[in-house]
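Chemist: Quick one: structure below, then a few questions.
The values are calculated or read from the model by the stated rules, or taken from the named source; none is laboratory data. Everything numeric in this text was worked out from a predicted model, so none of it was measured. Glycine gets a Cβ as well: all are built from the backbone with ideal geometry, and neighbour counts include every protein chain shown. Note: areas computed on protein heavy atoms with side chains; ligands, DNA, RNA excluded. Shrake-Rupley method; radii C 1.70, N 1.55, O 1.52, S 1.80 Å.
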Amino acid sequence: MSLRLQQLKEIIHFPENNFVIDEWYSFVLVDVENNSKRIANIKLIKEDKHMNPKSAIAYLYEYFDKLEKDACQLNNTVCSEGCSSCCASDFDVSIVEYFAILRYMGIKFGEDFIKEFSQKAKMNISSPYCIFVNNANGVCRIYEVRPLICRKYGLYSENTFCPKLKNTKLLDSHTDTYENTILFSHPVIPNKRIFLPPKRLVYWFSDIKNGQLPSQHMKDLFYASFNKTLDEFVYTLFT
């Protein structure tokens with residue numbers, strides 16, 4: 001066994017790191033304390049051990065990883081925890097992102113939390129402010145699975161219009177995240193493309209009834225987004 005692999009095993013099995021068996025982790029190892037082996041920054045992005053590696057959600061997580069790597073190229077000290085200026089505008093998210101958020105909320109907070117934000121969405125349907133921003137401290141409640149547009153803001157120059165970042169060097173190249181989130185290849189007809197319109201988060205969550213998705217079709221899509229291949233997910237759209 002290599003020294004690096006041995007060190008990783010020691011870190012994973014160190015009790016105070018609180019890793020959970022049967023969960024998938026993606027690490028950003030910012031700092032490991034020399035003596036205690038505690039990891040300073042861990043990011044959990046995959047909660048389902050049995051998620052299909054070719055699923056729609058798996059493609060979404062690949063975008064999350066790509067944007068995380070792009071963010072590591074910047075030395076942006078302006079965007080910090082608690083700054084929610086960019087959360088006060090209308091933005092749309094794909095159904096795939098919605099399902100990822102919904103799954104995360106169910107695992108981390110439970111059904112009552114989903115019910116709470118479903119009701120909040122219904123009451124704030126016309127508000128431009130994101131319902132997931134904590135008004136007390138400006139912190140995002142779903143930061144680990146925040147939408148792609150949130151991850152891009154403050155990262156790419158063509159997507160960012162915040163005056164606070166006026167003198168901050170941002171990346172010029174733009175990572176295209178439309179493929180397999182709102183644009184899909186038809187699973188049967190060659191060269192045919194399918195556009196699945198995104199919606200505002202308040203619209204997605206206002207459809208939830210008593211903490212549950214509103215129809216069997218949506219439940220089937222939710223299941224397929226994690227457990228079926230991308231083609232099977234798209235096929236489920238029409239069944």
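Chemist: Considering every pair of different Cα atoms, what Kirkwood radius, in Å, is found for the stretch 144-221?
Modeler: Over the stretch 144-221, the inverse of the mean reciprocal pair distance is 15.8 Å.
Chemist: Among the trypsin sites (Lys or Arg not before Pro) in the stretch 139-184, which ones are in a DSSP loop with at most 14 other Cβ atoms within 10 Å of the Cβ? Mind listing them? Mind showing how you got there, number by number?
Modeler: Values: sites: ARG141, ARG151, LYS152, LYS164, LYS166, LYS169; in loops: ARG141, LYS166, LYS169.
Qualifying residues, ordered by number: LYS166, LYS169.
Chemist: Can you tell me the length gained on complete extension of the stretch LYS192 to ASN124, counting 0.36 nm per residue apart and subtracting the Cα distance?
Modeler: Contour length minus Cα-Cα distance gives 20.8 nm.
Chemist: Then there is this: Mind giving me the FRET efficiency for SER85 and GLU111? R0 is 30 Å, r the Cβ-Cβ distance, nearest 0.05 is fine.
Modeler: 0.40
Chemist: How large is the convex hull of the Cα atoms of the stretch 188-228 per residue, expressed in Å³ as a whole number?
Modeler: Working: hull volume 4.1 nm³, N = 41.
Per residue, the Cα convex hull of the stretch 188-228 comes to 101 Å³.
Chemist: So what does VAL188 come to for accessible area, using a 1.4 Å probe and Å² rounded to 10?
Modeler: Ignoring ligands and nucleic acids, VAL188 comes out at about 100 Å².
Chemist: While we're looking at this one, here's another question. Just the number, please: Stokes-Einstein D of the stretch 91-219 in µm²/s, Kirkwood Rh from C-alpha pairs, 37 °C, 0.692 mPa s.
Modeler: Translational D for this selection: 199 µm²/s.
Chemist: Using a 1.4 Å probe on the protein heavy atoms only, what accessible surface does LEU155 show? Give it in Å² to the nearest 10.
Modeler: Approximately 10 Å² of LEU155 is accessible to the 1.4 Å probe.
Chemist: Give the accessible area for CYS130 in Å² (nearest 10); use a 1.4 Å probe, count only protein heavy atoms, and leave out ligands, DNA and RNA.
Modeler: Using a 1.4 Å probe on the heavy atoms, I get roughly 30 Å².
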